Amino acid sequence: MPLDNAALEDLFGRLAGALEELEERDRPVFLAKLALLLAAEIGDRVRIEALIVQALRHLGPEHDGPGSGAR
């Protein structure tokens with residue numbers, strides 16, 4: 001079930017707070033672990049790979065093209 005905007009805003013705040021609690025060097029590892037936990041919950045490899053591409057595209061056009069690392 002999709003989350004509404006209010007729930008997403010709440011989660012954004014919680015995630016931002018969690019990141020602030022960490023040393024800067026630990027943040028990428030935390031985000032990677034969180035992403036893997038969420039991927040395990042989704043359980044659909046094709047959907048997860050599509051979301052990776054979507055996330056890269058939200059960073060800007062330089063992440064869209066061939067060789068961007070997106071599958």
Packing-based order for 7-13, 30-36, using average beta carbon neighbours within 10 Å, highest first
30-36, 7-13
On each of the three principal axes the extent of the alpha-carbon atoms of the chain, given in whole Å and largest first, is 36, 33, 22
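Where a number appears in this text, it was derived from the coordinates with a stated rule and is not lab data. What you see is a predicted model; the values in this text were computed from it and never measured. Note that we place each Cβ from the backbone using ideal geometry, even for glycine, and neighbour counts take in every protein chain shown.
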